[in-house]
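The values are calculated or read from the model by the stated rules, or taken from the named source; none is laboratory data. Keep in mind the model is a prediction, meaning the values are calculated, not measured. Every residue, glycine among them, receives a Cβ derived from its backbone with ideal geometry; neighbour counts consider all protein chains shown.
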Amino acid sequence: MRNRGIRQGVLQVKLLAADDEELLKLNSQLNLNLSLKELKTIKKYFQKLGREPFDIELYSFSQLWSEHCRHKVFRGLILDENGNILVDDMLKSYIAKVTEELNYSWVISFLKDNAGLISFDDEYSIAVKVETHNHPSAIDPFGGAATGVGGVIRDVLGVWASPIALIDVLCFGPLNTPYKSIPKGIKHPKYLFRGVVKGIGFYGNNMGIPTVAGAICFDKGYIGNVVVYAGCIGLVPTVKYGFWAKPGDQIVIVGNSTGRDGIHGASFASSILDERSEEVSRPAVQIPDPIVEEKLRRAVIKIRDEDLASGITDLGGGGLAVAVVELADRIGGGAKIFLDKVHVRESNLLPWEIWISESQERMLFSVPKSKINRFLETVYSENLEASVIGEFTRDRWIRVYYFNNLICEVETDFLLHPPKIVRKAKWSKPILVESEFEEPEDYGTLILKLLSSDDICSREPVIRTYDHEVQGNTVIKPLHGFFAGPSDAAVIKPLNNSWKGLVISVGLKPWYSRLDPYWMAASSIDEALRNNICVGGRRIAILDNFTWGNPEKPDRLGSLVRAVKACYDFAKGFEVPFISGKDSLYNESPLGPILETLLITAVGIIPDIRMAVTIDLKASKNPLYLTGLTLPELGGSRYMQIIEHDGGSVPKVDLKISKSSMNLIRESIDKGYVNAVHDLSDGGLGISISEMVLSSQYGAEIWLDKVVSRNINRDDFLLFSESNGRFLVEVKRNFEDNFISIAEKLGAVFSKIGYTLSNNCLLIHGLKGSLIVDLSGDDLRNAWKSGLRA
Amino acid sequence: MVKYKVKVEVWLKDNLVDAEGKMVEESLKDLGYNVQSVRVGKSYSFNLDLSNDSLVEKVVDEICRRLLANPVKDKYFFKVMRYEE
Amino acid sequence: MNILVIRAPGTNCDVETVRGIKECGLNAITVHTDKLLEGSIDLFEFYALVIPGGFSYGDSVRAGAIWAAKLNSKLLNSLRDFIDDGRPVLGICNGFQVLVELGLLPGWNDNSTPSVALAPNISGKFECRWINLRVANVNNVFLRYFSKNSILRLPIAHSEGRFIASKNILSILEKNGQIAFKYCLPNGKPADMLYPFNPNGSIMDIAGIMNPAGNVLGLMPHPERAVYFWQLPTFPSNIAAKTYFGDGYWIFKSMCDYIIEHFQ
């Protein structure tokens, strides 16, 4: 290394002669969160360079080699108990493989950029990204959730897209968990729930991006660790998406000043929460400022439209270190950075702190020299700060200077290629005892109890605190119709001069993980697609977000492999590509691993929003059809939970039945044969029919003996089974024959189970012919709207 | 030139429902504390330079009325303290 | 004939507001407040001023307070001249808060201390929902296409919208006919403070007020989000009715037609 003077704020670390024990000691002293294998690889590298490393260089590895940035587990080699290869690189072998094999021309970018891109029409593309922000939200629910939203918005800005919608999916411990049962260092679900909801609303509302879809669920498996998924959808003129940076282009940091907040965020995201988390992790929590981000959005769009930059990326996990190295890699070169040029908010920051700080609301640009003045003018006109901090170079080295001293000099390739990890995985089927129980006597009360339970009740107390109307393009809202019932998916009309719409839905079935993560994943995909298709969506692309426990433990990894395998099998089966994804591992607490959770987000299009369909019944005397097959699949169901019984069979997915059901709905919506569609999900038929009635001014009467089922001879199983692939449809009576002929042509499983009524009430006849449910619309509404008070 | 350190507190008037305060109260009760009448206010602190000593109360009052508080809904208090550099 | 839509850091409803105005046949452009303060853009090039919704300056101090202070510092007299000239000023949501903070609503005196206030919602939460409004006065620039007591459906989205004024002020507002809208039940009967029909706890269910001359209107609901049939919560059932526009459109249309009638 040249320039061997005294280097301000930089420590040389004695690594070359360190033995394993000393390496590990160093690891914990510097809070590097690296494995011994990684430390040894780094030692070898510096032995080759023939010098001791500086602290900033080790911190670079700590960030760039973190699980958060490199997906080491998903990229790793996984062996079974006997040491045989189970799978090598799950991302490549399962997730990316679907998209590659389907090879759709409308997929513009997948699993590569900050966000996935699909084409919307001839001119525009849609960018989508969903992030996890579990760890920060567990420590500081308001700030953690808000910065989660801010981060995912920057991901979308990072592909030059203008954000047009947000989604959020949250999982908490039961709100009524006794305070005394909560271990030290863990916050009560109610506190977390309030803070997270407030944080999400704060950021999205301030930014003026509508929050249009999502889900909330509760389970004791989330007491120790919360789940916060934040997603953003953006719109970009397809020609404006791209990367044109070249060696010599200037590197400019724009937005908030850099401070000490968020130091070690990326490595913190991959560590386990315990009693000490609060104190040690405080610096890892970032401070949100949505107004700066609103200015950033305006600046990014102006820069894009006037072609003032050659590349862009957000400053997320790992801060400058990660953003600079990844951009340098994309141009096939390196970079020269002058850290003293970065605008900072505290004067005593050490160089390594500037390098890895995760201060929010900052973006990194590459700007051709000829455009730098116009670039800076544009940025300043939005009252933003900016600093030119270096340039890209042809040679593949990352060189960082601090007041003319070279303090980091490492090869780009080495920084991006941690040693491959090898892990063992094992999954054994849980032993579940099938419990036997009597049929309930009072179905009316049972339906009301389910409707008012925290898992099913109206999300209105939360949804109303999010602005879902801003930008004026929300067609199907999260609460829709005369009585503001629940929607299966949101519809956005993003362009003024086109009727084409965007359909956004989610699928989330974490409870099934306890039975079999494979079918949990399959069910999540089936549900996300069903929801999308209900309102008229098609040409659907999906995203995966895994939240799992410690992957160093073979049982956790075993179940993860099973779930990822299902993602391949069913995405391929349904012919839907994965365009983006993100995983959050190491979600553990003194209470054990988190309930293993997979979120599937589905983004489809609807050719004309005027054909969109909602769940509320629209007229009386119309036939009600149920599609798909009902099986005794009550394992992990909301019914079993409420009657407090374990066991049962997990809902599986029969691709043939699900696909014919979905095609039937899509075709009937296109032809205008249907008035209302709702999928059967949490709570099964009993809850879906209730939701259709409570959303509308009409009623319904159904007969359970008309339901197409197999091996069921009790009313409760028919009403509350959560079998996949099913839809409930109000068919326009003068098109009933047309509906039937499409269904027969497609070989769909279907039957007429009842009619709509002019009175706003729900009547259900049991297998024995007697009336087992007789409830008014008001009964249903009052129950459904009574829950979720926190 | 006279130098002052100023502290201002702004509260919603007592006759107006303070919803944030109510929410904090509920949360504290959840945690097992027997609290009542929780209200949430804002406080500001700043340094102020004036050419004339006798004006300070009037100027700070004006600052409160013109920006920091809306007298229709807010009440406010302030403290001023002279200091030397 | 251009209409000026001003913005500040944190403004986020300018795009759809411009779209709503353009739908009525006039042009609208968005200008950053700094440009007006610098003097590089002249207010009097425009025939109406719209202050759109958002979270200007992050709602620091109070919603609208900082933006109002900025305008107050350099532009207050021009704004008063603009209004005296009969040119319309419309404040939506955050814009309403700004007009109140500037004293341009109720618009009685020359001192800029506010005489009414928009306090935090009584629910303590941000509220985004569709509400019903009864039109209380149609003798003004904005509501000419409605008849008195007609019921509008518009969405609200705010956390500081609780209208507050003293009894004395309220009686003057009422006597002058300055109350533009009141929150009501779906059948048009007064909401009488009943949540969520009166979504924020506004005194006398007041959702919007205007100046005595009727060319300055401030309202909490968002007309720009109710311009087209497909924006309404009654969609898709409302397709059969074949009415292309929502109630928000007619507020913009009334303002635009007024400008064409009076300034062309």
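In table form, for the structure just shown:
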read-out: Number of positions in region A:465-484 that are modelled with pLDDT of 95 or more and in a strand (DSSP E or B); value: 4
read-out: Residues (outside any loop (DSSP other than H, G, I, E, B) and in contact with a Phe, Trp or Tyr (Cβ under 7 Å, 6 or more places away or on another chain)) located in region A:162-199; value: A:168, A:169, A:171, A:172, A:189, A:192, A:193, A:195, A:198, A:199
read-out: Of all residues in region A:378-413 being surrounded by fewer than 18 Cβ atoms within 10 Å (Cβ to Cβ) and in a helix (DSSP H, G or I), the one that is nearest to the other protein chains (Cβ to nearest Cβ); value: A:381
read-out: Yes/no for residue C:254 being surrounded by fewer than 24 Cβ atoms within 10 Å (Cβ to Cβ), more than 12 Å from chain A (Cβ to nearest Cβ), within 23 Å of residue C:105 (Cα to Cα) and out of contact with any Phe, Trp or Tyr (no Cβ under 6 Å at 6 or more places or on another chain); value: no
read-out: Tally of residues being touching a residue at least 40 places away in the same chain (Cβ under 8 Å) and in contact with a Lys or Arg (Cβ under 7 Å, 6 or more places away or on another chain) across region C:17-47; value: 2
read-out: Subset of region A:140-174 [polar (S, T, N, Q) and within 17 Å of the chain's Cα centre (by Cα)]; value: A:147
read-out: Count - residues of region B:68-77 that are surrounded by 18 or more Cβ atoms within 10 Å (Cβ to Cβ) and either under 17 Å from residue B:4 (Cβ atoms) or more than 12 Å from chain C (Cβ to nearest Cβ) (or both); value: 2
read-out: Evaluation of residue B:8 against (1) within 13 Å of chain C (Cβ to nearest Cβ); (2) under 19 Å from residue C:65 (Cα atoms); (3) loosely packed, with under 12 Cβ neighbours inside 10 Å (one fails), failing number; value: (3)
read-out: Residue satisfying all of: in region C:160-186; more than 14 Å from chain A (Cβ to nearest Cβ) and over 23 Å from residue C:115 (Cβ atoms); farthest from the chain's Cα centre (by Cα) among these; value: C:185
read-out: Top-ranked residue in region C:229-248 [being crowded, with 22+ Cβ neighbours inside 10 Å and either more than 22 Å from residue C:197 (Cα to Cα) or touching a Pro at 6+ places or on another chain (Cβ under 6 Å) (or both); ranked as farthest from the other protein chains (Cβ to nearest Cβ)]; value: C:248
read-out: Elements of type strands (runs of 3 or more DSSP E) in region A:684-781, at least 1 residues being over 23 Å from residue A:536 (Cα atoms) and of a type in the set (A, V, I, L, M, F, W, C); value: A:699-703, A:750-757, A:761-765, A:771-776
read-out: Tally of residues being over 24 Å from residue A:198 (Cα atoms), part of a loop (DSSP other than H, G, I, E, B) and under 17 Å from the mean Cα position of the chain (by Cα) across region C:119-159; value: 11
read-out: Given (1) in a loop (DSSP other than H, G, I, E, B); (2) in contact with a His (Cβ under 9 Å, 6 or more places away or on another chain), index of the condition residue A:209 fails; value: (2)
read-out: Subset of region C:101-121 [surrounded by fewer than 20 Cβ atoms within 10 Å (Cβ to Cβ) and farther than 19 Å from residue C:175 by Cβ]; value: C:110, C:111, C:112, C:113
read-out: Residue list for region B:40-67, filter: in a helix (DSSP H, G or I) and either among the hydrophobic types (A, V, I, L, M, F, W, C) or within 14 Å of chain C (Cβ to nearest Cβ) (or both); value: B:55, B:56, B:59, B:60, B:61, B:62, B:63, B:64, B:65, B:66, B:67
read-out: Lone qualifier among A:128, A:159, A:149 - being under 26 Å from residue A:327 (Cβ atoms), touching a Leu at 6+ places or on another chain (Cβ under 8 Å) and assigned to a loop (DSSP other than H, G, I, E, B); value: A:159
read-out: Selection count, region A:585-628, where residues are more than 14 Å from chain C (Cβ to nearest Cβ), among the aliphatic types (A, V, I, L, M) and surrounded by fewer than 20 Cβ atoms within 10 Å (Cβ to Cβ); value: 1
read-out: Residue check for residue C:37: in contact with a helix residue (DSSP H, G or I) (Cβ under 6 Å, 6 or more places away or on another chain) and modelled with pLDDT under 95; value: yes
read-out: Any chance residue A:564 is more than 18 Å from residue A:129 (Cα to Cα), of a type in the set (Val, Ile, Thr) and modelled with pLDDT of 95 or more; value: yes
read-out: Residues of region B:68-79 that turn out to be in contact (Cβ under 8 Å) with a residue 40 or more places away in the chain and assigned to a loop (DSSP other than H, G, I, E, B), as a count; value: 2
read-out: Residue check for residue A:93: of a type in the set (Gly, Ala, Ser) and not in a strand (DSSP E or B); value: yes
read-out: Any hit, region A:389-397, residues being at pLDDT 95 or above and within 30 Å of residue C:32 (Cα to Cα); value: yes
read-out: Entirely in region C:168-264, the strands (runs of 3 or more DSSP E) that have 2 or more residues that are of a type in the set (Gly, Ala, Ser); value: C:206-210
read-out: Output for region C:183-198, where each listed residue is out of contact with any Cys (no Cβ under 9 Å at 6 or more places or on another chain) and buried (at least 21 other Cβ atoms within 10 Å of the Cβ); value: C:183, C:184
read-out: Criterion: buried (at least 21 other Cβ atoms within 10 Å of the Cβ), in contact (Cβ under 8 Å) with a residue 12 or more places away in the chain and among the aliphatic types (A, V, I, L, M) - qualifying residue of A:13, A:73; value: A:73
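Each row is one residue, and each column tells you yes or no for (1) facing another protein chain (nearest Cβ under 9 Å); (2) of a type in the set (S, T, N, Q); (3) within 20 Å of residue C:230 (Cα to Cα).
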| site | (1), (2), (3) |
| --- | --- |
| A:447 | no, no, no |
| A:471 | yes, yes, yes |
| A:483 | no, no, yes |
| A:489 | no, no, yes |
| A:495 | no, no, yes |
| A:500 | no, no, yes |
| A:504 | no, no, yes |
| A:507 | no, no, no |
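The rows are residues; the columns are (1) surrounded by 23 or more Cβ atoms within 10 Å (Cβ to Cβ); (2) within 14 Å of chain C (Cβ to nearest Cβ); (3) modelled with pLDDT of 90 or more; (4) within 17 Å of residue A:354 (Cα to Cα).
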| residue | (1), (2), (3), (4) |
| --- | --- |
| A:274 | no, no, no, no |
| A:279 | no, no, no, no |
| A:290 | yes, yes, yes, no |
| A:293 | yes, yes, yes, no |
| A:300 | yes, no, yes, no |
| A:307 | no, no, yes, no |
| A:311 | no, no, yes, no |
| A:322 | yes, no, yes, yes |
